[in-house]
Structure formats: structure tokens, C-alpha cells
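The values are calculated or read from the model by the stated rules, or taken from the named source; none is laboratory data. Worth saying up front: this structure is predicted, and the values here are computed from it rather than measured. Here the Cβ is made from the backbone with ideal geometry for all residues, glycine too, and neighbour counts use every protein chain on show. For the accessible areas, the whole protein counts, side chains as well, though only heavy atoms, and no ligand, DNA or RNA atoms are used. Shrake-Rupley method; radii C 1.70, N 1.55, O 1.52, S 1.80 Å.
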Amino acid sequence: MKRIAGMPESMSAVVTHYCPGCSHGVLHRIIAELIDELDLRGRTVGVASVGCSVLAYNYFETDFVQAPHGRAPAVATGVKRARPNLFVFTYQGDGDMAAIGTAEIIHAAARGERITAIMYNNSIYGMTGGQMSPTTLMGAVTATTPYGRSEENGRPYRMAELLAQMPGTAYVARTHVADVANIVKTKQAVRKAFEAQIRGLGFSMVEVLGNCPTNWGMTPAESNRYVLTEMLSYFPVGEFKDVTKEALAGVHA
Amino acid sequence: MEPMMTMMKGNEALGEAAIRAGCRFFFGYPITPQSELPAYMARRMPEVGGTFLQAESELAAVNMLLGAAATGVRAMTSSSSPGYSLKQEGISYMIGSQLPCVVVNIMRGGPGLGNIQPSQSDYFQIVKGGGHGDYRMIALAPAAVQELVDLTILAFDLADFYRNPVALVGDGLLGQTMEPVSFPPVKTTDDDKDWALTGAHNRPKRVITSLELNPENLEAHNRVLQAKFAAMEEREARWEEYRCEDAELVVVAYGTSARIARAAVDAARNMGLRVGLYRPITLWPFPGEGLTRLAEQGVRRFLDVEMSSGQMVEDVKLAVLGRARVDFYGRLGGMVPTPREILGQIQELMGGEA
């Protein structure tokens, strides 16, 4: 009998610590499915960051190392350089990647490290209780912007577009997981990012917009609507760099 | 066959010794006075199939080291005082995660940016922690280039044995000193450790982390670490005693200071003064045992000499524990004491007793 549903083998059969309605689980599952589909489980090392996804290593049936805050791309660099046959990905949030880890992500991208960085951008620090992050939208109320994010805090910046400018990047995209169609598209983008690494084309990164019902003070449905309206209007989805097609064309030329 | 002797600068000899120890991954960042080491590694690593990578910062370098160490390979990073401060984040994580590695600190004058002259003012930082959490790491302090080579190789073995980072501590003078050295042949190392991240192929997954949210479990983890530190204290203290047999006064110094003090001790002996030198080779574990014994045997005074305002002297006092008087002489900010200065101190102290 053909199995049509079930847990990916690369996903651990445990209850996660994520809040009800949080989309981290959706993104975890996309990654686990792809690790299965691309037959990567036996040679994968994941790098967990600091934030809500700090415990990601409990949810994947792959080797994992936990990195200091923001340093996941540097840790991943060390793993990959030491054992180039491994498939290495980081799983980071917007605080980890876009604030404290800016130097590490920019330089891993610039060097073209053969790693994949997955960023779950929910525009807030979740684990520490809902503080402003670099991607918090203007006017948004957080624990550290009780009157709303104002000009004094600077404006949110777009990590995917920034990394797309780096000479070493092979694939950079932004997607979201607030509806089913885009969950499917996210999986397509992460697949491309993984394949870019497998084929040794360079650094790849997917920024995935997702919700944070708890710290946004919304129901899961409201939080997904916030992603679809407010976040999408500032953070457009799309592929900002893709050399995978050129590389394929080169192969077939 | 006698091993070939070659003339080499300390910084470069350190690099070659690491390669002989089986280190194939070096993550560096430029800072004076250790810059010859990454430059040597950049040239040498490709020749032995290794990897040299210049990181964007000391923080990135130490975290690349963490990643490489997590896969079971021998890896190293090096820096000098201000850069070593940044590396302590990674050191704390690696100790918590039980990852072996070697971290070099070629100390310079501080605090802050200080200068690039030789100093020993990072003793507290290296020996008493520096990074966060209840941790210890073996710290080796060579006083000559050959010893630097030998201790570099030992550092990798100790790191692997205890699954703990090991610090190699020198200063700009040692790094720049050129002396004849010999190297052992290249070691073959076993990178397939039963905890290393190599991909969960036909085995359960492995996780390397320093996080444990349950305090009972974190206490248990800390107990495991403390048991390792206790074993290190038990077994790894190393020191050298020079002309201490009948000494009335013993100079205590390590690294460059010890080398200078040794000349002062010889000069004092030539004058008929009964003076010896006690040189800690490990700064942690601090080799207090020999000092305690000397105090019990009748050494009446110890003179601690450092290129700092007096950091190791606290450990000397703890070891002597009031059995003898402990005096201190130090130079600061990158100033190096002369043998004559130290001899003057010895004469003053011994004359004062006559």
C-alpha cells in the first residue's frame, strides 16, 4: 500500500515546544521532507541558533550542533570546511541573523560557503518575550517599542535582498508560510537552496516570513493575516538571486 | 637518527608544531603580535591538505573552530589579548559542549587596545575564567621555542583526551624569538570519535550543545565537567625547579619572565646567594604542590616576577599559605624586566634579611 501521509523520517516523533499556531513547525517539516526526498539524512549536520529555534536539534533526526547567538553561519563554515561531504544548514531567526549575527551571515555569503541558511522572519524576538528585532515593522508595538517602532529605532531592513548582492551567493529567495499555496512555494525554494549546496554552487539562503501569534498578541488566523498584509507589503516574496539555472545551462551546453 | 634542527621564530614554530600534531584546520584573524602564525598556516596548510581560513573577526574564527571541532578534527585558532577577549564566548560554549581545540594567546600590553609589546596581563583572564560559567581549561606557558613546539603538540593531545579546549599562552617576545628547534614526524590522528558529527548514517543522530534548560540536568552536566577539571588538576600540573635544592629565596615566574629570571638566578648564585627558580609550565592547573613543598623545606622567601601588576602571585600566595613571605616584582604595559632589575630585587630582599 502506498503511504500518502505521515511523519518524514528526518523529523523526530516528539511534541515541540512551539506555541499553538506558530509556523516554525511548518518550516521544520518542509526541511525534514526535503532531507528525506534528497536522501541527505545520513550526511546532514544542522546548526541551531539562539532564539525560539534553539531547540531545533530535538526535532530533526539528523546530527546537530548548537551555535552561540548569531554565529551559526560561522559554526556551519567550520563544519563544512572540516568535512566538505556533509550537507550543512543553519536555522536562524530574524534577531539571530539580522541583528547579532550580521557579520557572520554577510561574510559566509560573501565567501560563498557551501552551506544553506534558513531564516524564519517573524519580525520579533520570540524566546526572550517579544522585543523589537531589525525586521519589526514601523509602528509595531513590542516589549521594547511600547509606543510602536519609530524613526528613533531605524527602519526594518531586508536581509534576502542584502545577501543577494554578495558575490558568493548562488540562490537567495523570500517566501512565506501563511497559506497553503505559499507553503508549497516555500518548499520549492528551500529545495532549490539545498540543491545549490549539493551541486557546490555557493551559498544559499531562504528567508521565510512567518507568524508569532503569542508575541504579536493575535490568534493564529489573525497572525497569518498580518503576514499576508503587513509583512508582505514591506518584505516582497521572490527569488533575488538564482544561478542554479545558469549552472544547469552550463552543464547542458 | 637525530632529528634535524632548524632555526625558527616562535610563532612559526608553533604553526609547524600544530601541523605535526595533526591539526589540519586553522581559523585566524590578523592581530599583532601573532600575525606570523596565521601567515605561516596560510602558506603551509595547502601543502599538507589542510585548511587555513581568515575569518571576519575573532568571534567568527572561534565559532568556525567550534564547528570544525564538532566534526572531530584537530583544529586551532590564535589571537592576542584584545582578540582573545572576543574568543572567550566560543571557549565557554566549547567547554560546555565538551569540544576539544587549541586556542593560542600571544599576550600584549593592555587594558583596551594597549600596545603590541610583550605582556603577561591576561593571566586572570585565562586562568580564572574570562568567559561565562563555571569552567576551567588547561593553560600551557612555554618559555623557549623548543618548549613551545613540545607544548603545542601536548596541547592537542590534552584537548582530545579531556574533550576540553586548551590554551597556549605566550607573548610577543616568545613569538618573535628565533631559536633552533626540532620537530617530531607528523602524527596520524583519529578523527572518527564516537561523539563527532559526521552525519547520522546507519546510526542514531548526535547532538552537540551546551544548552540544558532543566536545572537538575544542567547541574548534573556541570558535575561531569567538574569531575574532568578535578582530573586535570590531579594529573596535569607541570613545572620546572631550577637550583632550588638549597635555596633560601625562590623566584617564581613563567614564560618570558622566567627566562629572564633564570639569568638573574644564575647571577645571584655566582655572587654566592642561595637562589632558585620555580617555573610554572601549566598556569592552570597551577602547580602549587612544588611551592608548598619548598616552603615546608625551609625556603623563607618567594619573589614572584611577572609582566603584570601581580596576577599569578595570588596563586603563589595560596600555595605558600603563610609558610613563607611572598614578594612581588612586576613591569607593566609591555615593559620587560631585565635580569639586572630582578637581581637587584633579589639582593634587596636577601640583604634585608642579613
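Tell me which residues, restricted to region A:199-229, are open to solvent by 10 Å² or more (accessible area, probe 1.4 Å), touching a residue at least 24 places away in the same chain (Cβ under 8 Å) and in contact with a Phe, Trp or Tyr (Cβ under 7 Å, 6 or more places away or on another chain).
The answer is A:216, and nothing else.
Can you work out which of the residues in region A:33-52 that are among the small types (Gly, Ala, Ser) and in contact with a Gly (Cβ under 6 Å, 6 or more places away or on another chain) is nearest to the other protein chains (Cβ to nearest Cβ)? Break it down into steps so the answer makes sense when it comes.
Residues of region A:33-52 among the small types (Gly, Ala, Ser): A:42, A:46, A:48-49, A:51.
If we keep only those that are in contact with a Gly (Cβ under 6 Å, 6 or more places away or on another chain) too, we end up with A:42, A:51.
Details: A:42: 3, A:51: 12 Å.
Here the residue is A:42.
Which condition number does residue A:110 fail, the rest of (1) of a type outside the set (Phe, Trp, Tyr); (2) open to solvent by 10 Å² or more (accessible area, probe 1.4 Å); (3) away from chain B (no Cβ under 14 Å); (4) touching a residue at least 40 places away in the same chain (Cβ under 8 Å) being met?
For residue A:110, the exception is condition (3).
Is one or more of the residues making up region A:89-100 surrounded by fewer than 24 Cβ atoms within 10 Å (Cβ to Cβ) and out of contact with any helix residue (DSSP H, G or I) (no Cβ under 6 Å at 6 or more places or on another chain)? Don't jump to the end; show me each part of the working.
In the first step, residues of region A:89-100 are kept if they are surrounded by fewer than 24 Cβ atoms within 10 Å (Cβ to Cβ); the result is A:99-100.
Next, only the ones that are out of contact with any helix residue (DSSP H, G or I) (no Cβ under 6 Å at 6 or more places or on another chain) stay: A:99-100.
Yes.
Checking residue A:68 against (1) assigned to a loop (DSSP other than H, G, I, E, B); (2) more than 7 Å from chain B (Cβ to nearest Cβ); (3) surrounded by 24 or more Cβ atoms within 10 Å (Cβ to Cβ), which single condition isn't satisfied?
Of everything listed in (1) assigned to a loop (DSSP other than H, G, I, E, B); (2) more than 7 Å from chain B (Cβ to nearest Cβ); (3) surrounded by 24 or more Cβ atoms within 10 Å (Cβ to Cβ), residue A:68 misses just condition (2).
Across region A:31-46, what is the total count of residues that are crowded, with 24+ Cβ neighbours inside 10 Å and more than 23 Å from residue B:69 (Cβ to Cβ)?
2
Have a look at B:166, B:181, B:127 and point out the one that is β-branched (Val, Ile, Thr), out of contact with any helix residue (DSSP H, G or I) (no Cβ under 6 Å at 6 or more places or on another chain) and crowded, with 16+ Cβ neighbours inside 10 Å.
Exactly one of B:166, B:181, B:127 is β-branched (Val, Ile, Thr), out of contact with any helix residue (DSSP H, G or I) (no Cβ under 6 Å at 6 or more places or on another chain) and crowded, with 16+ Cβ neighbours inside 10 Å, namely B:127.
Can you report the number of residues in region B:53-87 which are of a type in the set (Val, Ile, Thr) and more than 7 Å from chain A (Cβ to nearest Cβ)?
Final tally of qualifying residues: 2.
Pick out the one residue from B:154, B:173, B:148 that is of a type outside the set (Gly, Ala, Ser), free of Cβ contacts under 8 Å to residues at least 60 places away in the same chain and part of a helix (DSSP H, G or I).
One residue alone meets the criteria, B:154.
Which numbered condition in (1) in contact with a Lys or Arg (Cβ under 9 Å, 6 or more places away or on another chain); (2) part of a helix (DSSP H, G or I); (3) open to solvent by less than 10 Å² (accessible area, probe 1.4 Å); (4) under 23 Å from residue B:127 (Cβ atoms) is the only one that residue B:264 fails?
So the condition that residue B:264 fails would be (4).
Quick check: is even one residue across region B:200-217 within 14 Å of chain A (Cβ to nearest Cβ), under 30 Å from residue A:40 (Cα atoms) and open to solvent by less than 30 Å² (accessible area, probe 1.4 Å)?
At the first step, the residues of region B:200-217 found to be within 14 Å of chain A (Cβ to nearest Cβ) are B:200-214, B:217.
Imposing the further condition that a residue be under 30 Å from residue A:40 (Cα atoms) reduces the set to B:200-213.
Within this subset, residues satisfying the condition of being open to solvent by less than 30 Å² (accessible area, probe 1.4 Å) are B:200, B:208.
Scanning region B:200-217, I find at least one residue that is within 14 Å of chain A (Cβ to nearest Cβ), under 30 Å from residue A:40 (Cα atoms) and open to solvent by less than 30 Å² (accessible area, probe 1.4 Å), so the answer is yes.
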